[in-house]
Amino acid sequence: MKLPAETVISEDKLARYLLVPQLRGDKSSFLRQAGYELSNAADLLRDLRDQILPLDAMLLESNQFGQYYEIRGALRGPNGVVLSVRTIWMTEHLSGVTKFITLIPDNRRVG
């Protein structure tokens, strides 16, 4: 299934979490391999929307908050390096809004 084109991808989540070094669960060094930095967070936002969101989503689980989906794919960064990624998305039950939750390196795929 495809997630809606108007799915919300929070710039704040990219700029304050994914692209900033974290003590636990750091993803910034992984994303840096493909040229994603805090200074070009808009590139990551665009690339998630253009390269990953159009791919097929698989339902992972449903709970009282909503339905969680996974999209696996190849993300080509600004420097041309391709990263294999797992992305998690959620459609909230109450609002019906679909939003980006997180990105994880996909060790099962080869870019």
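Quick note: the coordinates plus some simple rules give every number you see, no bench work behind them. Predicted, not measured: the structure shown is a model, and the values here were computed from it. All Cβ positions, glycine included, derive from the backbone under ideal geometry; neighbour counts span all protein chains shown.
Before moving on, here are some points about what is shown:
- Neighbour count of at most 11 Cβ within 10 Å plus DSSP loop: longest trypsin sites (Lys or Arg not before Pro)-free window in the chain: 25-107
- For the chain, adding -39500 (n - 2.57) for each run of n ≥ 4 DSSP H residues and dividing by the number of residues yields -2500 deg cm²/dmol at 222 nm.
- Cα centroid separation - the range 13-38 against the range 66-111, whole Å: 14 Å
- Full extension of the chain between residue 65 and residue 50 yields a length gain of 2.7 nm, computed as 0.36 nm times the residue separation minus the alpha carbon distance.
- Under a Gaussian network description of the chain, with springs only between Cα atoms under 10 Å, the residue in 14, 45, 23 that fluctuates furthest is 23.
- Taking the C-alpha atoms of the chain, convex hull volume expressed per residue in Å³: 104 Å³
- Selected from 102, 34, 8, residue furthest toward positive end of dipole (the chain; charges at beta carbon): 34
- A straight chain from residue 17 to residue 81 at 0.36 nm per residue would run longer than the Cα-Cα distance by 20.9 nm.
- Here the Karplus relation 6.51 cos²θ - 1.76 cosθ + 1.60, evaluated at θ = phi - 60°, turns the backbone of the range 31-44 into coupling constants of 5, 4, 4, 9, x, 8, 9, 4, 5, 10, 4, 5, 5, 5 Hz, with x for every Gly and Pro.
- Beta bridges per DSSP, both residues in the chain: antiparallel share near 95 percent.
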